[in-house]
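The values are calculated or read from the model by the stated rules, or taken from the named source; none is laboratory data. It should be emphasised that the depicted structure is a prediction, and the values quoted were computed from it without experimental measurement. Every residue, glycine as well, gets a Cβ built from its backbone with ideal geometry; the counts of neighbours run over all protein chains shown. Just so you know, the surface numbers come from the protein's heavy atoms only, side chains and all, with ligands and any DNA or RNA stripped out. Shrake-Rupley method; radii C 1.70, N 1.55, O 1.52, S 1.80 Å.
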Amino acid sequence: MAVEESEPVIGELEREENLIAAVRHIVKALGPNKTLTSDAKKILADLGTRLSSMSVPSEKEEGKQGQGGEGGDDHDGVAAGDDDDEGLSAIEERLSMIQEKVMRWEEDQSMIWDLGPEEASEYLNAANEARRLIEKLESLHLKKEDQEYEFMQRAYSVLQTAMARLEEEFRNLLIQNRQPFEPEYVSFRSSEEDAVDENSIISVGDESVEESLQRDSVSRASEEHIIDLVHPAVIPDLRCIANLLFASNYCQECSNAYIIVRRDALDECLFILEMERLSIEDVLKMQWATLNSKIKRWIWAVKIFVRVYLASERWLSDQIFGEGERVSLACFVDASKASILQLLNFGEAMSIGPHQPEKLFRVLDMYEVLQDLMPDIDALYSGEVGSSVKIECHDVLKRLGDCVRATFFEFENAIATNASSTPFVGGGIHPLTKYVMNYLRTLTDYSDILNLLLKDQEEDESISLSPDMSPGTEEDSRSQGSPSRVSSMALHFRSIASILESNLEDKSKLYKDVSLQHLFLMNNLHYMAEKVKGSELRLIYGDEWIRKRNWKFQQHAMKYERTSWSPILHMLKDEGIHVPGTNLVSKSLLKERLRSFYLGFEDVYRIQTAWLIPDIQLREDLRISISLKVIQAYRTFVGRHSNHISDRIIKYTADDLENYLLDFFEGSQKLLQNPHRR
């Protein structure tokens, strides 16, 4: 009964085998066709491989089905259903044909896939036949004394030879068809001329400060680009070989071959991107100008490496091993881990290096680009397999964030401790003021990051502010439109401005001339207010802060005028020029007053032409103010006593003095000469 029931099944299987044979015949017939495109030939080769992997029941399996599959012994079933000698002969013939096809290539040094798709397909079919034969023989649970057991051992040997050859072909296809990596869609220009002196934060002038602090743009608009790392025409072949190696339990050999080749390719990519392998010690010893250039290149390269190369590397692995397959991710991770860790190693070195203020912008750029790439990295290294790389990336990002905070606080400390032993010549804008204000202005480009990183410091921590800052803090908060809370960045920026003002107060005391003390503070406070008013800093400091600094520098301007010109203006008063006991003007006393006025003016001229007010409008405003007070007082005094003053006594006219005022605050010392001898 069992045999009768098996007859329709056997007939169906025979029809299926005939169908497969017919399709194979078509593939073989079309293979040599010269008019077929290479893509068509590849498809045919792939189809042939797939057909080879389809299981067609052997005579022994058919016999097994004839026994109903229940309670029967597989081996005994075959013996009962067919003649033993005929079955053994068929197996031996089949094995010999497979062995002949496989071993023929062991004597040929040529690479099979170099000779065309027909040879490649034939070899794949032979290897797959060996695998299928082994599976069938293994299913029989053979004993050593069985004749089939000897055939199975031969099949093992043939399969091992074929797998070794396929592994070699797999590796060769990956190497020979590697596509050159040429990042033509990006450009890089290194500039080492914008480095700030690493030994001092006040060593550069205004223009060079602004240039040195000019932020390189870190584009966030970069999209993922998939490029062909291996020629797409060989992807089907690589996939077929990989499938067969895995089906034959040569998973580790296939994976290792892939990982080694792709790891070398990734190293070559880093070489093309000029990312040399540097130890942490190498980075820490590097001069700032060189390091600055390498940081900028790292920022440029890491975006390309992650979004272009690693994305393409992951895609390639998925194409060969199957998208979403664990082995695909494992191969990608093992191939790329060393390269991505090499890049991260540079970031780690930067995070533990000296926290010098001039490095803050580069570290911020590194933090920003790595933070921006984290979603890409998390997606590429998904699951448990990629967790170690993800964790390392997040750790480096955190360390860079810690470095930003430490460097920012070091910047605050550097301002507070910046001491001078000699006064700044001319009373102009101190380099420290220029550096700090331009530094802060550049930091506004990183507002989101700084607010995020400084937020932890704001919680449960009282920021130490100088007493001069306290009165304006509440008003400044309201002027920014945040009545209940000021951002962490704003609090720190205001603290820095307060620290700077306090430092400038100390520096002003180095001047022996009180007038120059006030001129110095006027210049620097005016500069601070203008920098805030004309930049994004206005949103951080607020209008009330600007108004307060305007009021402060105006107060110093008034104090300058009072200390510089009050003694001279006193000479132009009528008190003490009359003959004692009368209302008559003493010509000698009048002459002495004018002589003292001229001497005083000449002395101020000699001194204050060497002083400097860099801002043109501020300089002009102060000259006008002096003219309205001093020149007008002189003109009035001379006019009121014209009957008692001879032309011989008048050394300078009011117009002369007006013209002399134009020489004030130009930073070039001059001596006043008699107008008739000029």
Could you pull out every one of the helices (runs of 4 or more DSSP H) wholly within region 193-275 that has 1 or more residues that are small (Gly, Ala, Ser) and either open to solvent by 70 Å² or more (accessible area, probe 1.4 Å) or modelled with pLDDT of 50 or more (or both)? 235-247, 251-272
Filtering region 597-631 down to residues that are small (Gly, Ala, Ser) and in a loop (DSSP other than H, G, I, E, B) yields Ala610
For region 302-345, which positions are aromatic (Phe, Trp, Tyr) and without any contact (Cβ under 8 Å) to a residue 12 or more places away in the chain? none
Close pairs (9 angstrom Cβ cut-off, 6 or more residues apart or separate chains): farther than 15 Å from Ile624 by Cα in region 651-671, in a loop (DSSP other than H, G, I, E, B) and open to solvent by 40 Å² or more (accessible area, probe 1.4 Å) anywhere: Gly667/Pro614
Need pairs with beta-carbon distance below 7 Å; first residue more than 13 Å from His641 (Cβ to Cβ) and within region 567-590, second surrounded by 13 or more Cβ atoms within 10 Å (Cβ to Cβ) and modelled with pLDDT under 65; sequence gap 6+ or separate chains. none
Would you mind stating whether Lys670 is loosely packed, with under 15 Cβ neighbours inside 10 Å, basic (Lys, Arg) and touching a helix residue (DSSP H, G or I) at 6+ places or on another chain (Cβ under 9 Å)? yes
Does at least one position in region 603-617 carry a residue that is among the aromatic types (Phe, Trp, Tyr) and over 60 Å from the mean Cα position of the chain (by Cα)? no
What residue, of Ala406, Ala414, is touching a Pro at 6+ places or on another chain (Cβ under 9 Å) and either open to solvent by 10 Å² or more (accessible area, probe 1.4 Å) or not aliphatic (A, V, I, L, M) (or both)? Ala414
Being more than 15 Å from Phe346 (Cα to Cα) and surrounded by 21 or more Cβ atoms within 10 Å (Cβ to Cβ) is the filter; apply it to region 358-372 and report the residue that is modelled with the lowest pLDDT. Glu358
How many of the residues in region 411-452 are within 21 Å of Ser487 (Cβ to Cβ) and not polar (S, T, N, Q)? 15
What is the residue count in region 521-541 for residues that are among the small types (Gly, Ala, Ser) and closer than 16 Å to Glu501 by Cβ? 1
Within region 172-192, residues being surrounded by 18 or more Cβ atoms within 10 Å (Cβ to Cβ) and at pLDDT 85 or above number 3
In region 642-661, residue surrounded by the fewest Cβ atoms within 10 Å (Cβ to Cβ) [restricted to those that are under 60 Å from the mean Cα position of the chain (by Cα) and among the aliphatic types (A, V, I, L, M)]: Leu661
At pLDDT below 95, part of a helix (DSSP H, G or I) and among the aromatic types (Phe, Trp, Tyr), is that true of Tyr652? no
Can you name the number of the only condition in (1) open to solvent by 70 Å² or more (accessible area, probe 1.4 Å); (2) more than 25 Å from Ala242 (Cβ to Cβ); (3) modelled with pLDDT of 70 or more that Met103 fails? (2)
From Leu572, Leu525, Leu594, Leu516, residue being outside any helix (DSSP H, G or I), hydrophobic (A, V, I, L, M, F, W, C) and open to solvent by less than 50 Å² (accessible area, probe 1.4 Å): Leu572
Among the residues of region 139-164, write down those that are in a loop (DSSP other than H, G, I, E, B) and either at pLDDT below 70 or open to solvent by 70 Å² or more (accessible area, probe 1.4 Å) (or both). His141, Leu142, Lys143, Lys144, Glu145, Asp146
In region 625-641, how many residues are open to solvent by 70 Å² or more (accessible area, probe 1.4 Å) and farther than 19 Å from Thr563 by Cβ? 3
Residues of region 247-300 satisfying the condition of being over 30 Å from Phe321 (Cβ atoms) and in contact with a Ser or Thr (Cβ under 8 Å, 6 or more places away or on another chain): Ser293, Lys296, Arg297
Considering Gln160, Gln176, which residue is within 16 Å of Ser248 (Cβ to Cβ) and either within 51 Å of the chain's Cα centre (by Cα) or of a type outside the set (Lys, Arg) (or both)? Gln160
Total residues in region 623-639, condition touching a residue at least 60 places away in the same chain (Cβ under 8 Å), more than 16 Å from Arg595 (Cα to Cα) and not β-branched (Val, Ile, Thr): 2
Among the residues that make up region 379-393, is at least one of them in a helix (DSSP H, G or I), open to solvent by less than 40 Å² (accessible area, probe 1.4 Å), within 18 Å of Asp448 (Cβ to Cβ) and of a type in the set (A, V, I, L, M)? no
Quick one: which of Arg547, Arg538 is assigned to a helix (DSSP H, G or I), surrounded by fewer than 19 Cβ atoms within 10 Å (Cβ to Cβ) and modelled with pLDDT under 95? Arg538
Considering region 477-505 alone, what residues qualify as being open to solvent by 10 Å² or more (accessible area, probe 1.4 Å) and either modelled with pLDDT under 95 or in contact with a strand residue (DSSP E or B) (Cβ under 8 Å, 6 or more places away or on another chain) (or both)? Ser477, Arg478, Ser479, Gln480, Gly481, Ser482, Pro483, Ser484, Arg485, Val486, Ser487, Leu491
Considering every residue within region 414-429, establish whether at least one is more than 30 Å from Val514 (Cα to Cα) and of a type in the set (Val, Ile, Thr). no
